[in-house]
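Engineer: Here's a structure for you.
The numbers here are math on the coordinates, done by the rules we state, and not lab data. Remember, predicted model here, so these are calculated numbers, not experimental data. Heads up, the Cβs are rebuilt from the backbone with ideal geometry, glycines too, and the neighbour counts pull from every protein chain shown.
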Amino acid sequence: MYRTTALLTLCLALPFSHIAAAQEQQSLTQLLEKVAQQSSVGTPRAINEDLLDEGYTVDGNELVNHLSVRPRHAAQMRDNPKEVRTQLAASVCNNDGLRQLMAQGAVLRFEFMEYQSKKPITSERYRASDC
């Protein structure tokens, strides 16, 4: 009797946990879309003489930052991928707002392309566990 009741309880709970997970994902997606829209205001904008912020998009649970890089700097990035990841991780992990997004399940993705040619340089992803 106990096994039957426990099994029935488990079977009834499964759809509700699935619904809750779907609602959490939808909530996260809506939050990321709002962040992307607000963060894209005023783009493209220069971050420094080598980097141009092209704006943000959302891809599932990923907040994607599109960045253009001057060819000279792009070559340096290609030659030093570990340094790029380390420097970017420090920037991401020191940002309270980005850490809060990651704590909610967001993944931050940075897409670097060469300015004008749009030739891919690198794509870096960060999760809460990276900090």
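Engineer: Set the Förster radius R0 to 30 Å, insert the Cβ-Cβ distance between R70 and R127 as r into 1/(1 + (r/R0)^6), and round the FRET efficiency to 0.05. Show your work: numbers first, answer last.
Structural biologist: Numbers: r = 29 Å, r/R0 = 0.96.
It comes to 0.55.
Engineer: Go through I121, T29, N65 and say which Cα lies farthest out towards the positive end of the charge dipole of segment 20-131; charges sit on Cβ, +1 for Lys and Arg, -1 for Asp and Glu.
Structural biologist: Highest projection toward the positive end goes to I121.
Engineer: Would you please give the residues with an amide H less than 5 Å from that of I121, counting only those at least 5 places away or on a separate chain, with H modeled from the backbone geometry?
Structural biologist: When sequence neighbours closer than 5 places are left aside, the close amide H contacts are F112, M113, E114.
Engineer: For T29 and Q87, FRET efficiency with R0 = 25 Å and r from the beta-carbon atoms, rounded to 0.05? Write down the numbers at each step before the final one.
Structural biologist: On the way: r = 29 Å, r/R0 = 1.15.
After rounding to 0.05, the efficiency reads 0.30.
Engineer: Using Cα centres only, tell me the gap between segment 22-70 and segment 73-88 in whole Å.
Structural biologist: If you average the Cα positions of each part, the centres end up 21 Å apart.
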